[in-house]
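The values are calculated or read from the model by the stated rules, or taken from the named source; none is laboratory data. Remember, predicted model here, so these are calculated numbers, not experimental data. Neighbour counts run over all protein chains shown; Cβ positions are idealised from the backbone, glycine included.
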Amino acid sequence: MRVGCFTPLLSQLPLPDVLKKLKSLNIDTVELGTGNYPGDPHCKLSMLEHPAELAEFRKTLDGEGFSISALSSHGNPLHPDRARAAHDREVSRKTILLAEKLGVPVVVDFSGCPGDSPAAKWPNWVTCPWPPDYLEILKWQWEEVVAPYWIEHAKFASAHGVRVAIEMHPGFVVYSPETMLKLRAIAGPSIGCNLDPSHMFWQGIDPVAAIRLLGDAIFYVHAKTRRFTSATCRSPACSTPSPTPTSATAPGSSAPAAMATGKNGGANSFPPCACSATTTCSRSNTKTA
């Protein structure tokens, strides 16, 4: 497993400075955003039309000894606004072409979410099966919008030797292991998932059970670090604060703080309790993904 960084977190820095900063942390792998939601000035799709620009980009990465684990084009290619959908689809398509040129095997994306009809203006994320109207919307979305696009896009990716890792995220039609496997069954083996355990946690999905269910459909993994704030240990003999995990992200950002190219997310362990009580302390050395 290689551990790297998703560089939009450092978008305020030029690429050479990003690489130097990461190198100082013993990181030599990067995931680069190409457009749509993850704005990232470090990887420009214009390199497809400008060989000299692409060569300079390669030189910068090679000079610092960096490899690229994935390119990311998270967007909504199924958006009911046709102009928006066309834009996001084109970014995804060009990202696959750039990945092919760079020898990058994986592109990370969202599945997208349509509206509730051809006349819709905004995405409609269906979350419940009743009243029956919602199931009708869901059926229309998958059969008329999701399947046609992803079957075609999967063929395009496969033809260029690239796999697409869908990030399961609320708000999109693929948000859970079940919906991920549904899309994979429709579109084929070049479509798999980018597993971000944090998105499982806040939906109440056990990430370990998700890993077991998804198996070799997992192409890529995102991980977030954790920091701990004070709470009181429940042991009556202990006065040591007990940790509460909270997300650690860059200021003003909700993007992942780190990524890993293997199938196991990073883990931070609760520091051992300093209590010397003979009774059982609630602060066991429990790990969080």
Which condition breaks for residue 45 when tested against (1) under 27 Å from residue 170 (Cα atoms); (2) at pLDDT 95 or above?
(1)
Which condition number in (1) aliphatic (A, V, I, L, M); (2) part of a helix (DSSP H, G or I); (3) over 14 Å from the mean Cα position of the chain (by Cα); (4) surrounded by 22 or more Cβ atoms within 10 Å (Cβ to Cβ) is the one that residue 97 fails?
(4)
Qualifying positions in region 72-88 - farther than 20 Å from residue 170 by Cα and charged (D, E, K, R)
82
Set 106, 164: member being closer than 17 Å to residue 195 by Cβ and in contact with a Lys or Arg (Cβ under 8 Å, 6 or more places away or on another chain)
106
Inside region 37-80, can you point out the residues that are out of contact with any strand residue (DSSP E or B) (no Cβ under 8 Å at 6 or more places or on another chain) and among the polar types (S, T, N, Q)?
46, 60, 76
Matching residues in region 67-90 (buried (at least 19 other Cβ atoms within 10 Å of the Cβ) and either among the aromatic types (Phe, Trp, Tyr) or within 19 Å of residue 147 (Cα to Cα) (or both)) number 10
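Yes/no matrix, rows are residues, columns are (1) part of a helix (DSSP H, G or I); (2) surrounded by 19 or more Cβ atoms within 10 Å (Cβ to Cβ); (3) at pLDDT 95 or above:
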site	(1), (2), (3)
154	yes, yes, yes
165	no, yes, yes
170	no, no, yes
180	yes, yes, yes
184	yes, yes, yes
192	no, yes, yes
205	no, no, yes
216	yes, no, yes
230	no, no, no
Top-ranked residue of region 106-144 - restricted to ones that are of a type in the set (A, V, I, L, M, F, W, C) and buried (at least 21 other Cβ atoms within 10 Å of the Cβ), ranked as nearest to residue 78 (Cα to Cα):
113
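Among the residues of region 122-144, count how many are outside any helix (DSSP H, G or I) and within 26 Å of the chain's Cα centre (by Cα).
Here the count works out to 7.
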